[in-house]
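Participant: Here's a structure for you.
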Amino acid sequence: GDSSVALQAQEEIIEMKDVFSVKLKLRRFAGQKKGGTLLGITVFKCLHKEENKLTDCAIHLNNLSEDHCQSWFRHLKEILNGFQNRPKSLKVFVNPSSHKREATHVYYEKVAPLFELADIKTDVTVTEYEGHALSVLKECELEAFDGVVCVGGDGSVSEVAHGLLLRAQIDAGKDTDYVSKPVRAPVPLGVIPAGTTNILAHTLYGIKHAVTATLHIVMGHLQAVDVCTFSTPSKLLRFGFSAMFGFGARTLALAEKHRWMPSSQRKDFAFIKTLADLKPEECELSFLPLQIPQEDCQEKDRKKKERSKKGSKDQWQKIQGHFLNVSIMAIPCLCSMAPRGLAPNTRLNNGSMALIVVQNTSRTEFIKHLKRYTSVENQFNFPFVETYTVQEVKVQPRLKSGPDAKENMCLNAASAEGNYPWNIDGDLMKEASEVHVRVHPQLIDLYGVNTDDLESSQATCNCI
């Protein structure tokens, strides 16, 4: 006010919902760790950029009055602490073997500094073997954390999600051998992409970008997501989001046998080799189509509905034959190689699964189908591809019938471990007997798409 010079200042509005940290701004001499001259405060904001990217930016507010700075600092911190869902303590799992062994670098160079800036306490476990995260989750005190974060690829995320949900069943006193109605995960799961395909991260954020994923966690953006249970008639195999049986699983199984190769070469080799040795799986598929409830229906429709409830077993549909690939997905499964998603007709939380069946056809036609995934064209517009919206699916490898059926059954059971692999969220599972897949609506919260933007995000998916 004492200046005789009139300054033309451009006004900028900062919404507190976009702010994730505030710090006192101090000038310190080289080597000085405490104290310093107070210059003002710095506000750290989450900035939305193109292509779904988020980044952080610092806004410096200068004021030499210590009283003013301390007053503003306390008040802004109070506002930030009032935002719900923003974590203050996180359990972090880092898989150092993911992709090009870059997960550790990604976490400590890009993720940890933002957590520290947001005053989030972390307890970090660098996993040493497959199943390490699962064993830690079974024992650790989850009550001490506001969320769990996984830094790795789809397989690592799947293991952590499975561990979280398994822990929830144990804490609820449920039988983990057979889970018909699982309870929700106790805390949200954050996904930091550091793998090869990162399907779950792409589906949540629309992009593979560690800073974007971290800021969604810091800002407490939560998205409820459907989860599937994969079971045999006698036991629960695991929780997961998507699975492939046939070509997609055989490709992964072959890639796992060549772990000594670099990641990208290994996947390309397995893909080409499996395509060259293309062969169908003979099996039986039973599925329960999604039942859409209709309100205010007429008396005739109501009676029909009651009859269908009484004979719910009759609603199951069955197809048998030779299939090149069977996909069962509760989420759209977007990735850089499939911009529309592997299952574009489903959503993150609509309580259904997409069943995609590719019947036996020529190698040339199958390649045409696969190529469609990389474009915006409809990859299902082929006579040999069938799609269904379902609630449950049973996959049963088909055994021969006849006088030697018992012998065939024994042979199949003995060799099935190698013959019937499953690809569940990028993780290999070998199971011989019938696999029963159920979808459970909104079973876990993931840090991801802001719920305020969910409707527009889904509209975008529909347009694509």
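Participant: Whole angstrom only: what separates the Cα centroid of region 59-121 from the Cα centroid of region 162-222?
Facilitator: Their Cα centres are 21 Å away from one another.
Participant: What does the accessible area of Ser327 come to, in Å² to the nearest 10, when a probe of 1.4 Å is used?
Facilitator: Solvent-accessible area, nearest 10 Å²: 10 Å².
Participant: For region 127-185, state the semi-axes of the equivalent ellipsoid (square roots of 5 times the eigenvalues of the alpha-carbon gyration tensor), sorted largest first and rounded to whole angstrom.
Facilitator: So the three semi-axes of region 127-185 are 20, 13, 11 Å.
Participant: I would also like to ask the following. Using only the alpha carbon atoms of region 16-82, find the Kirkwood hydrodynamic radius as the inverse mean reciprocal pair distance, in angstroms to one decimal.
Facilitator: Result for region 16-82 stands at 13.2 Å.
Participant: With +1 assigned to the C-beta of every Lys and Arg and -1 to the C-beta of every Asp and Glu, and no other charges, what is the dipole magnitude of region 16-82 about the Cα centre in debye, to the nearest 20?
Facilitator: Roughly 320 debye for region 16-82.
Participant: Going down the table (Lys33/Lys91; Lys100/Lys371; Lys110/Lys138; Lys17/Lys91; Lys17/Lys49; Lys138/Lys394), which pairs top 20 Å between alpha carbons?
Facilitator: On the way: Lys33/Lys91 28 Å; Lys100/Lys371 26 Å; Lys110/Lys138 28 Å; Lys17/Lys91 24 Å; Lys17/Lys49 16 Å; Lys138/Lys394 29 Å.
Lys33/Lys91; Lys100/Lys371; Lys110/Lys138; Lys17/Lys91; Lys138/Lys394, as the Cα separations exceed 20 Å there.
Participant: Treating each Cα of region 47-174 as an identical point scatterer and ignoring solvent, apply the Debye formula and state log10 I(q)/I(0) at q = 0.09, 0.12, 0.18, 0.20 Å⁻¹.
Facilitator: Those come out to -0.38, -0.62, -1.08, -1.22, one per q.
The values are calculated or read from the model by the stated rules, or taken from the named source; none is laboratory data. The structure displayed is predicted, hence computed values, not measured ones. Quick reminder, even Gly has a Cβ in these numbers, built from the backbone with ideal geometry, and neighbours come from all protein chains shown. Side chains included, ligands, DNA and RNA excluded: accessible areas come from the protein's heavy atoms. Shrake-Rupley method; radii C 1.70, N 1.55, O 1.52, S 1.80 Å.
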